[in-house]
Amino acid sequence: MDTLTKLGILADAAKYDAACTSSGVDRAPQAGKVGFAQGGGLCHSFTPDGRCVTLLKVLMSNACSYDCAYCVNRRQASVPRATFTPRELAELTVDFYRRNYIEGLFLSSGVLGTPDATTERMIECLRLLRDEYRFNGYVHAKVIPGTSDELVDAIGRLADRLSVNLELPSSASLSQLCPDKDAHGISHPMAQIHRTRVAEEQFLKERRKRKGRSKLEGSPITNALVTATPANPQPQTEALGAFAPLTQVERSSRLTSAQQLRQAEESDVMSLRAVGMQMTLRARSTVASSKRRFVPAGQSTQLIVGATPEDDNHILQLSNVLYQRFDLKRVFFSAYMPMVDDARLPEQGAPVPLRREHRLYQADWLMRYYAFSPDELATPEEPWLDLDVDPKLAWALRHIERFPVEVMDAPIEVLLRVPGVGPVGARRIITARKAGPVTFDDLARMRITLKRARHFLTCGGKRDPKSPLDAQLIREKVVSDAKQSAYNRTRRHAEGQLSLF
Amino acid sequence: MQRGSSPSSSRRRPVSAEGARLRCEAALADGYSVALACDPSLEGVLGATGIGYLAHADAGRVRLVPRDACQARFGEQVVDTPSDASDELVMLARRVYKGIERHVATGCPRARNGACPTNCAGACARRLVYASASDAPGMPEALHRYVRKAFAEGPRMRMLIADELVVEVDELARYVLNECEHTKQFARFSLLADGSLFAAFRPQADTIPLTAGYFAARMGGERFCIVDPVHRSAAFHDSGKLGGRKGHTVVRLDRESADQLLAAKDLSPDEPYVRALWKRFYDSVTLPGRDASQRGYDLRAGWMPRRFWGGLTELDQRVDAEASTIPERYADKTLN
């Protein structure tokens, strides 16, 4: 089988993985090496369905010994099987990179025998790529649950980002649909990755302090990491539910949200580029990704939505815990596409819950960039996100008594709650009002989305003339506008789902 | 960038900056307004702005126009400025640029020792660099008025983000920055028989000078050339041989050189197969049930404007048919 045929099979087999970002790490070019990495990432193409192509996203092999019910590559599936040789895949990555097709490699795999055997093969490919082909670009690698700690550590030193797929939103669903996986097998490598990153961060901070006093000897990073990994890590019996709070060390190593807010208000709005991480209100590390050697771009995960009965509140709570406990960079949601006949799953032909996936991403964004809590977005009493109205607008409509907000004196955390005002817009308003009164025309020039924002703001005590004064009329107008969008009309037709408003 | 420079700068009678200043002063003294004809480049615009400033011209009585699209209005005299290849204009442009950095940064809460801080990269002045690469005919005048305002407002400038002049330059700069991003995203290199890489890209702004450093950093030791035939600019990179430590150089091309560079290339024998691999990958990663008909709008065209599609290997239907030979390294390796 030539590489063209294999690539067709193994790219097709990998396409259900939602993550395809090359973000989260800055790495300068190095003499004798090919490539570099930029924190913002770069999309080199877009698929017909509009998803970004930034990495060569393939499986090492789709010959899988596991039998997950929803997976097209499961053991019992009747599909053509293929496996890359490590060198073949390394060659392919460099060939694509040189032509500016990709930013790097996204390497996942079916379980080729055992998790360790599969990971060893992936490591061999990455070693070739890094050492022999001198590739300095981005690498995202999947960790297969059940992989030994040593191999997770080894692959973490070759990849920029690791991800362990959560697969499904609860342990019960996981055990029902993935007989070969368990929650502990997933949370264990997540915890290991987090622990090692925290240890490296501590080490780098100490080194920063010591710098200038003495030269380092040997390879202390390795020593620090080895000592940071407990010989007998605490077993997590109810893995997905047993996330402990952050330790004091972890907390103290990060900026507090008060500091974040101060920094946010002082951020330079004249800059033409908005750096996402600098806009987030989440606590973040003070150690630059470029200094790290172990998983410098952090870890992410993915879970399927719509295949099992968990509601949105449950999913957002879970995401929030993952962000807090394991400092995940992203939680990706993948709308379930019925491809398999199985009584435990939605039947083939059922609509793909695209809007639900979309609203979950919006809600996730609100948690990371706007400091919303999960219960504010999908409450325990109303645990499903509205499909017609975006979660921020839905929150504002539920709390319309808190509006309108005055642009001249509202603090950043209040401005961030206004529909149509984003992290950049809020900072622009704060800067502009220092120079004088801000009008609705000024807001339009500052690219605030007035279609939504005008109903929730006053400028110098005055409402926008185009906005109704009555709260009920505002509600009716914004909901009607949202429902009439081409996206909502198309999806409502396909999905036939009801709105809460 | 090698100066030499805007295509419009050739075949003109040389003009000195001092001569332009004197003619500007004379026209103003005679009660005329002045249209300063300049090259639509950063050096051309800032140099012309400096000439107007040195002529003590009130901002309302001077406007900058691209030399190739210069038409006097009623009561206005056209004054030609030196080419942006002229050393004295470049020196003057540099004075103006440094002046903005210094003037705006003085009192800026982020300034260090009175200078524009590196952590915002001199954003107030930096946007001029991007905006000047715009193809918009109003670019020279927009930058001229921005510079005048920056000198008038000083450090307050960074707060005037809703001001119309600032917004206008901001829009130009953002558009160019977007085109730079598109250049980085959608330029496609081909491996030539001599081992070098070549790309042609047609952005709607002069992005090659702004992105050459990015490609040089990305490509490491590779030898490459990227050409923009619309703006007739090209970047060449040959690590250790060109442009000193940077390894790259950017040049302006005349029509003949541009045509020569774009002429059919002798591709590496592997190239058709690698292109086919990329197209196969692209064709394989599409998910069903999520296309434009399922969304109500075309998300792909939003992210990847159609004007670039003609240059994208993955959308070129000829690619599959051209991959007749399998390179040895991609031939059957027994694992299947």
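Does A:Val414 meet the test of being β-branched (Val, Ile, Thr) and not in a helix (DSSP H, G or I)? Outline the logic, then answer.
Working: β-branched (Val, Ile, Thr): yes; not in a helix (DSSP H, G or I): no.
Here the answer is no, as A:Val414 does not meet what is asked.
Which of the residues belonging to the stretch B:191-228 are closer than 16 Å to A:Gly35 by Cβ, part of a helix (DSSP H, G or I) and among the hydrophobic types (A, V, I, L, M, F, W, C)?
The answer is B:Phe215, B:Ala216, B:Ala217, B:Met219.
I need every pair where a residue in the stretch A:142-166 that is free of Cβ contacts under 8 Å to residues at least 40 places away in the same chain has its Cβ under 7 Å from the Cβ of a residue that is acidic (Asp, Glu) and surrounded by fewer than 24 Cβ atoms within 10 Å (Cβ to Cβ), sequence separation at least 6 or different chains.
A:Ser148/A:Asp116; A:Leu151/A:Asp116; A:Leu151/A:Glu120
Would you please name the residue that is farthest from the other protein chains (Cβ to nearest Cβ), looking only at residues in the stretch A:428-466 that are small (Gly, Ala, Ser), assigned to a loop (DSSP other than H, G, I, E, B) and in contact (Cβ under 8 Å) with a residue 24 or more places away in the chain? Please lay out each step first, then the result.
Just the residues of the stretch A:428-466 that are small (Gly, Ala, Ser), to begin with: A:432, A:435-436, A:444, A:453, A:460-461.
Checking the rest, the ones that are also assigned to a loop (DSSP other than H, G, I, E, B) come to A:436, A:460-461.
If we keep only those that are in contact (Cβ under 8 Å) with a residue 24 or more places away in the chain too, we end up with A:460-461.
Working: A:Gly460: 14, A:Gly461: 18 Å.
My answer is A:Gly461.
Across the stretch A:85-121, what is the total count of residues that are in a loop (DSSP other than H, G, I, E, B), out of contact with any helix residue (DSSP H, G or I) (no Cβ under 6 Å at 6 or more places or on another chain) and either within 13 Å of chain B (Cβ to nearest Cβ) or modelled with pLDDT under 95 (or both)?
Of the residues in the stretch A:85-121, the ones in a loop (DSSP other than H, G, I, E, B) are A:85, A:99-103, A:109-114.
Remaining after also requiring out of contact with any helix residue (DSSP H, G or I) (no Cβ under 6 Å at 6 or more places or on another chain): A:85, A:99-100, A:103, A:110, A:113-114.
Now restrict to residues that are either within 13 Å of chain B (Cβ to nearest Cβ) or modelled with pLDDT under 95 (or both): A:85, A:99-100, A:103, A:113.
Of the residues in the stretch A:85-121, 5 are in a loop (DSSP other than H, G, I, E, B), out of contact with any helix residue (DSSP H, G or I) (no Cβ under 6 Å at 6 or more places or on another chain) and either within 13 Å of chain B (Cβ to nearest Cβ) or modelled with pLDDT under 95 (or both).
Counting only residues that are aromatic (Phe, Trp, Tyr) and touching a Ser or Thr at 6+ places or on another chain (Cβ under 9 Å), how many does the stretch B:304-332 have? If you could, list the steps in order and put the result at the bottom.
Of the stretch B:304-332, the ones aromatic (Phe, Trp, Tyr) are B:308-309, B:330.
If we keep only those that are touching a Ser or Thr at 6+ places or on another chain (Cβ under 9 Å) too, we end up with B:330.
Summing the residues that are aromatic (Phe, Trp, Tyr) and touching a Ser or Thr at 6+ places or on another chain (Cβ under 9 Å) in the stretch B:304-332 gives 1.
Would you confirm whether any residue within the stretch A:420-429 is of a type in the set (D, E, K, R) and surrounded by fewer than 15 Cβ atoms within 10 Å (Cβ to Cβ)? It would help to see each step written out before you state the result.
Going residue by residue through the stretch A:420-429, those that are of a type in the set (D, E, K, R) are A:427-428.
Going one step further and asking which of them are surrounded by fewer than 15 Cβ atoms within 10 Å (Cβ to Cβ), we end up with none.
No, the stretch A:420-429 contains no residue that is of a type in the set (D, E, K, R) and surrounded by fewer than 15 Cβ atoms within 10 Å (Cβ to Cβ).
Look through B:Arg145, B:Arg188 and report the one residue that is in a loop (DSSP other than H, G, I, E, B) and at pLDDT 95 or above. Please lay out each step first, then the result.
Working: B:Arg145 fails: in a loop (DSSP other than H, G, I, E, B).
The conditions single out B:Arg188.
Which of the residues spanning the stretch B:129-149 are within 11 Å of chain A (Cβ to nearest Cβ) and crowded, with 20+ Cβ neighbours inside 10 Å? Show your work before the answer.
Within the stretch B:129-149, the first condition is being within 11 Å of chain A (Cβ to nearest Cβ), and the residues that meet it are B:129-131.
Listed by number, the residues that qualify are B:Tyr130, B:Ala131.
So which of B:Arg280, B:Arg290, B:Arg252, B:Arg275 ends up being more than 30 Å from A:Lys6 (Cβ to Cβ), crowded, with 20+ Cβ neighbours inside 10 Å and either touching a residue at least 60 places away in the same chain (Cβ under 8 Å) or within 12 Å of chain A (Cβ to nearest Cβ) (or both)?
Numbers: B:Arg280 fails: more than 30 Å from A:Lys6 (Cβ to Cβ); B:Arg290 fails: more than 30 Å from A:Lys6 (Cβ to Cβ); B:Arg275 fails: more than 30 Å from A:Lys6 (Cβ to Cβ).
Step by step, each of B:Arg280, B:Arg290, B:Arg252, B:Arg275 is checked, and only B:Arg252 is more than 30 Å from A:Lys6 (Cβ to Cβ), crowded, with 20+ Cβ neighbours inside 10 Å and either touching a residue at least 60 places away in the same chain (Cβ under 8 Å) or within 12 Å of chain A (Cβ to nearest Cβ) (or both).
Is it fair to say B:Val319 is within 19 Å of B:Ser196 (Cβ to Cβ), aliphatic (A, V, I, L, M) and at pLDDT below 95? Quick ask: steps written out before the conclusion?
Numbers: within 19 Å of B:Ser196 (Cβ to Cβ): no; aliphatic (A, V, I, L, M): yes; at pLDDT below 95: yes.
Criteria not met by B:Val319.
Which one is nearest to A:Leu303 (Cα to Cα), of the residues in the stretch A:341-381 that are touching a Lys or Arg at 6+ places or on another chain (Cβ under 9 Å) and of a type in the set (Lys, Arg)?
That would be A:Arg355.
Can you tell me which residues in the stretch A:1-31 are within 7 Å of chain B (Cβ to nearest Cβ), over 24 Å from the mean Cα position of the chain (by Cα) and in contact (Cβ under 8 Å) with a residue 12 or more places away in the chain? Quick ask: steps written out before the conclusion?
Here is the first cut: in the stretch A:1-31, the residues within 7 Å of chain B (Cβ to nearest Cβ) are A:1-4, A:7-8, A:11-12, A:15, A:29.
When the remaining residues are screened for being over 24 Å from the mean Cα position of the chain (by Cα), the result is A:1-4, A:7-8, A:29.
Listed by number, the residues that qualify are A:Met1, A:Thr3, A:Leu7, A:Pro29.
If B:Val319 satisfies all but one of (1) surrounded by 19 or more Cβ atoms within 10 Å (Cβ to Cβ); (2) under 35 Å from the mean Cα position of the chain (by Cα); (3) within 10 Å of chain A (Cβ to nearest Cβ), what's the number of the condition it fails?
(3)
Taking the stretch A:286-318, which residues are of a type in the set (S, T, N, Q), out of contact with any helix residue (DSSP H, G or I) (no Cβ under 6 Å at 6 or more places or on another chain) and surrounded by 21 or more Cβ atoms within 10 Å (Cβ to Cβ)?
So in the stretch A:286-318, the residues of a type in the set (S, T, N, Q) come out as A:286, A:289-290, A:299-302, A:308, A:313, A:317.
Applying the additional criterion that residues be out of contact with any helix residue (DSSP H, G or I) (no Cβ under 6 Å at 6 or more places or on another chain) yields A:286, A:289-290, A:300-302, A:313.
A:Ser300, A:Thr301, listed by residue number.
Has the stretch A:478-487 got at least one residue that is closer than 22 Å to B:Arg158 by Cα and within 11 Å of chain B (Cβ to nearest Cβ)?
Applying the first criterion (closer than 22 Å to B:Arg158 by Cα) to the stretch A:478-487 yields none.
Checked against the condition, which is being closer than 22 Å to B:Arg158 by Cα and within 11 Å of chain B (Cβ to nearest Cβ), the stretch A:478-487 yields no hits at all.
What do you reckon, is A:Ser300 polar (S, T, N, Q) and modelled with pLDDT under 95? Outline the logic, then answer.
Numbers: polar (S, T, N, Q): yes; modelled with pLDDT under 95: no.
Considered against the rule, which asks whether it is polar (S, T, N, Q) and modelled with pLDDT under 95, A:Ser300 comes out as no.
The values are calculated or read from the model by the stated rules, or taken from the named source; none is laboratory data. Just so you know, these numbers come straight off a predicted model, no measurement behind them. Neighbour counts are summed over all protein chains in view; Cβ atoms, including those assigned to glycine, are modelled from backbone coordinates with ideal geometry.
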